[in-house]
Amino acid sequence: MSSVKRHKSLVLLMGTILSLTWIYPFVIIFFGSFKNRSEIFTNTLWVPEDVVTDNYPRAYESLEFASSFFNSLLITTVSIIIIIIFSSMAAYALARKKNKMSNVIYFMCALTMLIPFQSVMIPLVSMFGQVDLLNRFGLVIMNWGFATSMSIFLYYGAMRSISVSLDEAAYLDGGNPLQIFWQVIFPILKPTTVTVIILNAIRLWNDFLLPSLVINKEGMRTIPLRMYYFFGEYTVQWELALAGLVLAIIPIIILYIFLQKYIVEGVTEGATKS
């Protein structure tokens with residue numbers, strides 16, 4: 001066997017091991033959601049002795065799934081739309097303005113990715129509380145602020161790979177800056193836009209800490225906040241928690257399956273061409 005074939009076989013073996021390691025927790029969650037509470041920590045990891053079919057209806061009811069799903073979907077969707085609109089336009093302006101100020105602003109945006117949320121969460125929540133924005137609208141604004149730096153970074157790198165001659169040709173045809181961006185430049189950024197959607201959707205959909213600090217009203221709680229009720233002080237409803245986890249991750253898995261082919265391309269454009 002040649003060295004190239006050995007190398008490919010080794011890579012394939014390592015990839016298989018890593019994929020099985022990644023998929024194993026999902027297998028436990030799925031099959032565990034069909035178990036009785038007494039079976040959760042037994043050795044029957046794959047198939048329960050007695051398949052329990054009412055865990056999902058009970059979890060659906062306990063989660064108030066329709067309401068919490070709507071809240072999660074609303075917050076995630078509105079946040080991502082705002083992030084895409086403003087981050088892409090900001091990156092376009094920074095990439096096309098060739099001066100020191102634009103470079104300084106870009107690097108300041110990139111540096112903010114290094115600031116951990118925990119270091120600013122207390123003053124942030126305090127400030128938003130003073131202006132009565134501890135609600136879904138305030139949460140969208142916070143999501144927008146925390147996701148902007150990474151999104152600008154990705155868009156900026158992709159933008160610099162697009163020739164300025166496209167802008168000039170569109171300008172000669174009578175287009176204004178907004179028309180040039182949205183009708184000529186933005187469609188070319190589809191892989192980067194899909195990457196921004198996926199990365200932010202996963203983070204926002206699964207976020208627990210920020211919504212727990214901002215959303216106080218019962219009817220506004222998201223799925224991760226409702227999941228917390230399965231973990232009490234003296235008892236944990238593992239069978240319902242696992243069923244709830246399956247219900248919670250299905251929308252993100254579906255989104256990922258439809259958009260995953262653009263992710264590598266988008267990350268490469270946004271990170272290596274800047």
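Some observations on this one:
- Among the residues of the stretch 4-22, those that are within 21 Å of I249 (Cα to Cα) and surrounded by 10 or more Cβ atoms within 10 Å (Cβ to Cβ) comprise L18, S19, L20.
- Of V194, V184, all but one fail to be over 17 Å from the mean Cα position of the chain (by Cα) and surrounded by 13 or more Cβ atoms within 10 Å (Cβ to Cβ); the exception is V184.
- Identity of the residue in the stretch 118-145, among the β-branched types (V, I, T) and open to solvent by 70 Å² or more (accessible area, probe 1.4 Å), that ends up farthest from the chain's Cα centre (by Cα): V131
- Whether a residue is part of a helix (DSSP H, G or I) and either more than 29 Å from S88 (Cα to Cα) or under 18 Å from the mean Cα position of the chain (by Cα) (or both) was assessed, and I249 passes this test.
- In the stretch 216-242, the qualifying residues are those that are within 15 Å of F69 (Cα to Cα) and among the hydrophobic types (A, V, I, L, M, F, W, C), and the one that is most open to solvent (accessible area, probe 1.4 Å) is M220.
- Matching residues, the stretch 132-160, being farther than 24 Å from A93 by Cα, of a type in the set (D, E, K, R) and outside any helix (DSSP H, G or I): D132
- Residue count, the stretch 161-181 (criterion: open to solvent by 60 Å² or more (accessible area, probe 1.4 Å), part of a helix (DSSP H, G or I) and of a type in the set (D, E, K, R)): 1
- Close pairs (8 angstrom Cβ cut-off, 6 or more residues apart or separate chains): within 17 Å of S88 (Cβ to Cβ) in the stretch 169-180, among the charged types (D, E, K, R) and assigned to a helix (DSSP H, G or I) anywhere: I180/D167
- Taken over the stretch 84-117, the criterion of being crowded, with 16+ Cβ neighbours inside 10 Å, under 15 Å from G145 (Cβ atoms) and of a type outside the set (S, T, Y) is satisfied by I84, A90, C109.
- R37 meets each of the listed conditions (1) open to solvent by 90 Å² or more (accessible area, probe 1.4 Å); (2) under 22 Å from M227 (Cα atoms); (3) touching a helix residue (DSSP H, G or I) at 6+ places or on another chain (Cβ under 9 Å); (4) at pLDDT 85 or above apart from (4).
- Test: residue in the stretch 154-172 that is among the aliphatic types (A, V, I, L, M) and within 18 Å of the chain's Cα centre (by Cα): yes
- In the stretch 52-65, the residues that are open to solvent by less than 50 Å² (accessible area, probe 1.4 Å) reach residues that are among the charged types (D, E, K, R) with C-beta atoms within less than 6 angstrom, at least six apart or across chains, in these pairs: N55/E239; L63/R226.
The values are calculated or read from the model by the stated rules, or taken from the named source; none is laboratory data. Computed from a prediction, not measured in an experiment: that's the story for all the values here. Neighbour counts are summed over all protein chains in view; Cβ atoms, including those assigned to glycine, are modelled from backbone coordinates with ideal geometry. For the accessible areas, the whole protein counts, side chains as well, though only heavy atoms, and no ligand, DNA or RNA atoms are used. Shrake-Rupley method; radii C 1.70, N 1.55, O 1.52, S 1.80 Å.
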